[in-house]
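The next block holds one structure in the form of structure tokens; read it before the comments.
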Amino acid sequence: MRDLAAFEGVDRRGEVQVVGSARIGGRVEGHTLRVTMSCRADRVRERFAEATDEALSLNTFASTDEVEVLDVASLPELVPRAVRARYGVFGISVETPEARGPNELLDAPPGSFRWIRARGRWIAVKRYGDHLALTWLAGPRQRLDGRWRRLSRIVSGLG
């Protein structure tokens with residue numbers, strides 16, 4: 001797992017992070033929890049890396065069995081400076097084949113765009129094809145910039 005930053009009550013013991021209680025998706029093999037992503041999300045991750053040389057990973061805190069979220073860090077403040085400068089803070093939501101019901105991000109028609117306000121910040125959301133949505137943290141104003149346009153062009157080729 002990438003990090004435990006999204007959990008409350010994380011205890012550091014040297015190089016090890018420990019959380020007393022957590023709930024994440026995955027499968028258990030013996031005494032080992034395997035956090036895996038769907039083939040669809042893995043293809044998106046691979047294509048993004050080919051297009052950008054940036055590595056996305058599964059955000060286990062934001063993902064469910066119906067929607068997997070790929071990003072570079074669990075919290076906005078953990079996004080590397082170079083990624084933030086080139087693409088901003090973003091996540092790519094991928095609908096899994098197991099999706100059964102309504103989903104706030106993926107229920108809009110393909111190509112649709114909208115703004116969501118959360119914790120005093122604006123988040124741009126755009127649908128791509130049948131199974132992808134891009135979320136991008138715009139900040140205190142509803143404003144898209146070159147980072148959004150660059151990222152949107154890349155995501156439009158991932159589906």
Open item on the list: Using a 7 Å offset from the Cα along the Cα-to-Cβ direction at both residue 99 and residue 16, what is the distance between the two label points in nm, to one decimal?
Closed with: 3.9
- [ ] Calculate the translational D of the stretch 51-102 in whole µm² s⁻¹ from Stokes-Einstein, where the hydrodynamic radius comes from the Kirkwood formula applied to all Cα pairs, the temperature is 10 °C and the viscosity 1.306 mPa s.
- [x] 133
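Over the stretch 111-159, what number does the Rg to Rh ratio reach, with both radii from the alpha-carbon atoms and Rh per Kirkwood? Don't skip to the answer; put the middle values down first.
Numbers: Rg = 10.8 Å, Rh = 11.1 Å.
In the stretch 111-159, Rg relative to Rh is 0.97.
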Task: Virtual spin-label span in nm between residue 85 and residue 39, 7 Å along Cα→Cβ - done: 4.0
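Values in this text are rule-based calculations from the coordinates and carry no lab data. Bear in mind the structure is a predicted one, so any value in this text is a computation, not a measurement. Because the Cβ atoms are built from the backbone with ideal geometry, glycine has one as well, and the counts that use them run over all protein chains shown.
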